[in-house]
Amino acid sequence: MVAPGFAIPRGGGPQVPAGPVAPRLGEILVGRCGVAVESIERALGKQREEGGLIGEILVRLRLIDEDQLALALSLQSEMPYLRDLPTPDDIPAELIDKLPINFARQRLVLPIGRDSAKRVLVAVADPTAVDVIDAVGVLLGEPVEPVVASAAKIVDHINKTYTRLRGGAELEEGAKKDDPEAEEFGSEELVDMLDANDEAPIIRWVNSLMFQAAKDRASDIHIEPGERDIVVRYRVDGVLREAKRAPRKFQASIIARVKIMAGLNIAEKRLPQDGRIRRKMAGKDIDMRVATAPTAAGERVTIRLLDRSSVLLGLPDIGFATDHLDLIRGIIKRPHGILLVTGPTGSGKTTTLYACLSEINAPDINILTVEDPVEYQLEGISQTQVNSKIDLTFASGLRSFLRHDPDVIMVGEIRDRETAEVAITASLTGHLVLSTVHTNDAAGGITRLIDMGIEPFLVASSMVGLLAQRLVRRPCYECARPVRPSEEMLRELGLDAQTFFAGAYDFPTVKGLRPPPVGTVYEPVGCRICNQLGYRGRTGIYELLMVNDQVRRLCLDKADAGTIRNAAIETGMVSLRFDGARKVIQGMTTPEEVMLTTAETGD
């Protein structure tokens, strides 16, 4: 039977007025779907020039969307129209097992359930493809009933549904050891891993390893040789957990397979190597940075996953409260100066810089970046990757940028005096410079530059703001439980217990809030959705130090970071821990996460 609440309206549903179906698609779109006659005429002109189907041309020109096209096709063919498909979990696995994914993708067809007459409901994008519908009936061995849905939704459901069934292939103890060198890889056209029909157990196992990591939203895969097993761990939301094991005898084959995919030298096992893999997984382009290193037990591999098809986050999406958001937007719209983002590795600094660039990116602004490495391609921005082998460093790249008439320059990291001097020179000559530095808090960024040998007056005159940040895990809202916190915990967070329990705190809003009841905070529990972790996803907590006159005076006096930080707090700076406390109240994280993440900042 079909999933509960899953109904199929005949003839496009009650929202479509009854009446005879027009014979031409254009007439249906105008008369029944509200499409302008001018749009149809424009598409017909394009059809006369290039050929093709009128519906596909209209969608390509963005004159209609795919739902409108599907509705019109259902009216033309007198087939039921389905606006919303059932969730992938509600689609019976036995139907999917009988239909090859290549066939489903190429023909845009997917079985989605059974109706009351025990017929298999099949979603199709083209209701005139009678041969495809008949072929599905033959493959399934059951009577079928076609329904029309948009092509985009069918493709999306194919990816998600087959995802459930293709990610768990395991190595068998007695499997024959295959020679990975016999396989050819690196073709220009990406083949989706779900389409792969490789019979070699090693290939299936490595593919499933990467696929499962992408499915679990892992940022890193660690393949580590042990005494008896080869252990695989995923880093999800900043936390490592064991995912798989394989017998030690497969270690060489697994490492060789990954090396071939990354274009590395499989014969070199004594030196570290770096490479890159680009693959499709369930319709998404995934970039993977691969690093190998020799250890006493053999080579280990670390793979960083980057989802190329994901939309880059904007400033409101990464956890900025409205007070911080207004200040950051004021900084990045300045014509010159330096904004430094500080924090340890993995704290989201690059994501914040990308969000800043996306905010100001426009045709009338020339933006150049020098990064190590370039993680995401940004449209309209010139990005350069450092290469120490040819002496292309942050400093040399930044120096050459000054001859390309830039408005905004992003430097991946200020690591040495030379890079810092060029960045300051760029800011003082009328450029906005965005960069990062590794310090625990915002004030530490000033003292770090002075320690590098930069004159205090140059730091004071060029710096406009320093942003310290950390990533904290979000509670899984499917299972999180509201609890009453202890007064001691509230004191450690810097909150007044009486004000908290009265619900009298009025903090700036943050996008994505799901506040617990007044006087409570969320406690992680664990469920199937979050893999029993109690957390799902991460958000940022921030400390933004604006360089005002008082901070400049302290900088000129070579004051220590603690003195600068206290002065900034007196003039209104929100500390990391207090920003975390605000987000605890607003339901974006838990007290334990904030306490753990801000323990080293001295709050």
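What is the number of the single condition among (1) at pLDDT 85 or above; (2) open to solvent by 10 Å² or more (accessible area, probe 1.4 Å); (3) of a type in the set (Gly, Ala, Ser) that Ser74 does not meet?
(2)
Which condition from (1) touching a Pro at 6+ places or on another chain (Cβ under 8 Å); (2) open to solvent by 70 Å² or more (accessible area, probe 1.4 Å); (3) in a loop (DSSP other than H, G, I, E, B) is the one that Pro516 breaks?
Of the numbered conditions (1) touching a Pro at 6+ places or on another chain (Cβ under 8 Å); (2) open to solvent by 70 Å² or more (accessible area, probe 1.4 Å); (3) in a loop (DSSP other than H, G, I, E, B), the odd one out for Pro516 is (2).
So, in segment 326-343, exactly how many residues are open to solvent by less than 50 Å² (accessible area, probe 1.4 Å) and farther than 13 Å from Gly465 by Cβ?
Residues flagged as open to solvent by less than 50 Å² (accessible area, probe 1.4 Å) and farther than 13 Å from Gly465 by Cβ within segment 326-343 amount to 1.
Quick one: in segment 100-121, which of the residues that are more than 32 Å from the chain's Cα centre (by Cα) and assigned to a strand (DSSP E or B) is nearest to Lys153 (Cα to Cα)?
Leu121
Which residue, of Pro363, Pro373, Pro406, is farther than 26 Å from Gly453 by Cα and more than 26 Å from the chain's Cα centre (by Cα)?
Residue meeting the stated conditions: Pro406.
For the subset of segment 82-98 comprising residues that are open to solvent by less than 30 Å² (accessible area, probe 1.4 Å) and assigned to a loop (DSSP other than H, G, I, E, B), which member is farthest from Asp126 (Cα to Cα)?
Of everything passing the filter in segment 82-98, Pro92 is farthest from Asp126 (Cα to Cα).
All but one of (1) over 14 Å from Leu434 (Cβ atoms); (2) touching a helix residue (DSSP H, G or I) at 6+ places or on another chain (Cβ under 8 Å); (3) not acidic (Asp, Glu) hold for Thr351; which doesn't?
Here Thr351 clears every test but (1).
Please work out if Met588 is in contact (Cβ under 8 Å) with a residue 40 or more places away in the chain and under 30 Å from Val525 (Cβ atoms).
Criteria met by Met588.
Of the residues Thr302, Thr295, only one is touching a His at 6+ places or on another chain (Cβ under 8 Å) and either touching a residue at least 60 places away in the same chain (Cβ under 8 Å) or of a type in the set (Lys, Arg) (or both); which?
Thr302
Only one of Arg289, Arg217, Arg270, Arg228 is crowded, with 17+ Cβ neighbours inside 10 Å and either under 21 Å from Val374 (Cα atoms) or not small (Gly, Ala, Ser) (or both). Can you tell me which?
Of Arg289, Arg217, Arg270, Arg228, the one residue that is crowded, with 17+ Cβ neighbours inside 10 Å and either under 21 Å from Val374 (Cα atoms) or not small (Gly, Ala, Ser) (or both) is Arg289.
For segment 241-254, enumerate the residues that are under 23 Å from Arg278 (Cα atoms) and either out of contact with any helix residue (DSSP H, G or I) (no Cβ under 9 Å at 6 or more places or on another chain) or open to solvent by less than 10 Å² (accessible area, probe 1.4 Å) (or both).
Gln251, Ala252, Ser253, Ile254
In segment 315-334, how many are closer than 19 Å to Gly380 by Cβ and in contact (Cβ under 8 Å) with a residue 60 or more places away in the chain?
Of the residues in that region, 1 qualify.
Please indicate, with yes or no, whether at least one residue in segment 44-55 is surrounded by 20 or more Cβ atoms within 10 Å (Cβ to Cβ) and either part of a strand (DSSP E or B) or in contact (Cβ under 8 Å) with a residue 60 or more places away in the chain (or both).
The answer is no, given that none of the residues of segment 44-55 is surrounded by 20 or more Cβ atoms within 10 Å (Cβ to Cβ) and either part of a strand (DSSP E or B) or in contact (Cβ under 8 Å) with a residue 60 or more places away in the chain (or both).
The values are calculated or read from the model by the stated rules, or taken from the named source; none is laboratory data. Since the model is a prediction, treat every value here as computed from it, not as a measurement. With ideal geometry, Cβ positions are generated from the backbone for all residues, glycine too; neighbour counts draw on all protein chains shown. Side chains are part of the model used for accessible areas, which takes the heavy atoms of the whole protein and leaves out ligands, DNA and RNA. Shrake-Rupley method; radii C 1.70, N 1.55, O 1.52, S 1.80 Å.
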